[in-house]
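First comes the structure, then the notes that go with it.
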């Protein structure tokens, strides 16, 4: 595989599982030094670290922190730059979904969903912009969702957070473009992960039939899209939302 990330340092939040882990492996295959950010599962983080090294990462650093804490976000970016020497790629992938109908939804659940899914990307991007400006370039990729584009009953908080990421992406792209920092988003549809595997078969069938390709996507397929936007192959692309949903929403 072409080493499109040689000499680059990438920070991936939510990097121990699912789409985050697949992204860690894909960037490692490109020769990047990888910082894997995770919330609390030490075993999964260690496994992701080993997978990255096996895939060819030039170095791996684990960063354990709560992305919902603004101060922790700033400290994490500072730590990554200190340990790995720079920061060229930021992938804001960490997210949670606390589902429920709006009439029963708890204020604390709304607050936490927005902190993790939306505010974290703001705070991490703010912190990452400083070293990226100094090195005169960088790429930020935010993980939004088909739910943020088309909505979904019972996921109002998650949907508003993911929709907010699209606005953040476009505004930051305009704000940081003059500094050669690109900001894009990837919008996955139904992807096979640990969480979606636990859904009832009827729900899986309904979602598959809703996509033009008639199947769920894989974490690797999303990771390839993230890697494209993070790399110099997309040097003239910024402010875009790349849908990876098999035709579920067009």
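Here is a yes/no grid of residues against (1) within 18 Å of residue 219 (Cβ to Cβ); (2) out of contact with any strand residue (DSSP E or B) (no Cβ under 6 Å at 6 or more places or on another chain); (3) at pLDDT below 95; (4) crowded, with 24+ Cβ neighbours inside 10 Å:
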position: 26; (1), (2), (3), (4): yes, yes, no, yes
position: 36; (1), (2), (3), (4): yes, no, no, yes
position: 45; (1), (2), (3), (4): yes, no, no, no
position: 50; (1), (2), (3), (4): yes, yes, no, no
position: 71; (1), (2), (3), (4): no, yes, no, no
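Scanning the stretch 237-250 for residues that are surrounded by 14 or more Cβ atoms within 10 Å (Cβ to Cβ) and either touching a strand residue (DSSP E or B) at 6+ places or on another chain (Cβ under 8 Å) or free of Cβ contacts under 8 Å to residues at least 60 places away in the same chain (or both) gives 237, 238, 239, 240, 241, 242, 243, 244, 245, 246, 249.
In the stretch 52-69, the residue that is surrounded by the fewest Cβ atoms within 10 Å (Cβ to Cβ) out of those that are within 19 Å of the chain's Cα centre (by Cα) and closer than 21 Å to residue 25 by Cβ is 64. List the residue pairs whose Cβ atoms are under 6 Å apart, where the first residue sits in the stretch 64-75 and is at negative phi, the second is in a loop (DSSP other than H, G, I, E, B) and at pLDDT 95 or above, and the two are 6 or more positions apart or on different chains. Matching pairs, first to second residue: 67/94; 72/65; 72/66.
Being out of contact with any helix residue (DSSP H, G or I) (no Cβ under 9 Å at 6 or more places or on another chain), within 21 Å of residue 78 (Cβ to Cβ) and either free of Cβ contacts under 8 Å to residues at least 40 places away in the same chain or not in a helix (DSSP H, G or I) (or both) is a property that residue 31 lacks. Among the helices (runs of 4 or more DSSP H) confined to the stretch 121-236, the ones with at least 1 residues that are crowded, with 16+ Cβ neighbours inside 10 Å, in contact with a helix residue (DSSP H, G or I) (Cβ under 9 Å, 6 or more places away or on another chain) and at pLDDT 95 or above are located at 146-150, 156-176, 219-230.
The values are calculated or read from the model by the stated rules, or taken from the named source; none is laboratory data. These figures come from a predicted structure and were not determined experimentally. Neighbour counts run over all protein chains shown; Cβ positions are idealised from the backbone, glycine included.
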